[in-house]
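Enquirer: My questions all concern the structure below.
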Amino acid sequence: MRMSQMSSLMQGDCLELMKDISDGSVDMVITDPPYGMGFQSNWSKSGPRYDKIKQDDKIDSRWIAQAFRVLKIGGGLVSFCDWRTSGVWREQIEVAGFDLKSQVVWNRLHHGMGDLKGAFAPMHDIIWYATKGRRVFANGRPKSVIECKRPSPSDDHGHPTCKPVALMETLIKSISDGSDGIILDPFMGSGSTGVAAKNLNRDFIGIEIDEVYFNIAKERINAVEA
């Protein structure tokens, strides 16, 4: 029997570690996977501030089939992606068997960099929401645009794509079906999804391949549990 408000944090490759998660045991998969872009953030004259995201050299969607397996019937998937690769991720989510329900836009309230003279200043991320069977919102119908300020460099826990805890809490509450089951993040990063889950008294499973980020996430989540 599942105990309430527990966390299981694992460091390693999610494709291997997810094999140990039972079929149909997870309520939500909420994650920000590598987009397959070779992303490296905050270049300056003295060089990059952050290392490249691990496993981001090419799109690898194999985790989606594992997510489908571990989700219960009626489970929900929330997956961030970049606009340039969003079509590929949408296709792979549907190929895995999910019912694609919505595209959600996160308005970061602050623009990023890029081509400063020839492209629109990027202020948003794209999120795909899909389900394994029918899922009914317990807290009313959420809007498809979420406004939430992105973390500042002093509050990003050393991670180049750190998501704000408030955003992850909003996503959890938005797609809740009232069952309060386990939340899984197979690309945990610095642990924002886990912190949000703990703040909302939800059980959480987090997986992260990068040992440095895993330790940061573990410290943040353990601090909430303490």
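The values are calculated or read from the model by the stated rules, or taken from the named source; none is laboratory data. Given the structure is predicted, the values throughout are model-derived calculations rather than measurements. Here the Cβ is made from the backbone with ideal geometry for all residues, glycine too, and neighbour counts use every protein chain on show. We work out accessible area using only protein heavy atoms, side chains counted, and drop any ligands, DNA or RNA first. Shrake-Rupley method; radii C 1.70, N 1.55, O 1.52, S 1.80 Å.
Enquirer: Output the residues belonging to segment 22-53 that are at pLDDT 95 or above and more than 18 Å from the chain's Cα centre (by Cα).
Expert: Of everything in segment 22-53, those that are at pLDDT 95 or above and more than 18 Å from the chain's Cα centre (by Cα) turn out to be 22, 23, 24, 25.
Enquirer: Might you check whether a residue that is at pLDDT below 95, outside any helix (DSSP H, G or I) and surrounded by 24 or more Cβ atoms within 10 Å (Cβ to Cβ) occurs anywhere in segment 202-211?
Expert: No, segment 202-211 contains no residue that is at pLDDT below 95, outside any helix (DSSP H, G or I) and surrounded by 24 or more Cβ atoms within 10 Å (Cβ to Cβ).
Enquirer: Only one residue in 150, 84, 141 is open to solvent by 20 Å² or more (accessible area, probe 1.4 Å) and under 13 Å from residue 174 (Cβ atoms). Which one? Walk me through how you get there before you give the answer.
Expert: Details: 150 fails: under 13 Å from residue 174 (Cβ atoms); 84 fails: under 13 Å from residue 174 (Cβ atoms).
Only one candidate qualifies: 141.
Enquirer: Return the total of residues in segment 63-81 being among the charged types (D, E, K, R) and either surrounded by 22 or more Cβ atoms within 10 Å (Cβ to Cβ) or not in a helix (DSSP H, G or I) (or both). Break it down stepwise before answering.
Expert: First, pick out the residues of segment 63-81 that are among the charged types (D, E, K, R): 69, 72.
From the residues that got through so far, the ones that are either surrounded by 22 or more Cβ atoms within 10 Å (Cβ to Cβ) or not in a helix (DSSP H, G or I) (or both) too are 72.
The qualifying residues number 1.
Enquirer: Taking segment 98-123, which residues are farther than 18 Å from residue 34 by Cβ, open to solvent by less than 40 Å² (accessible area, probe 1.4 Å) and part of a loop (DSSP other than H, G, I, E, B)?
Expert: 98, 108 - these are the residues of segment 98-123 that are farther than 18 Å from residue 34 by Cβ, open to solvent by less than 40 Å² (accessible area, probe 1.4 Å) and part of a loop (DSSP other than H, G, I, E, B).
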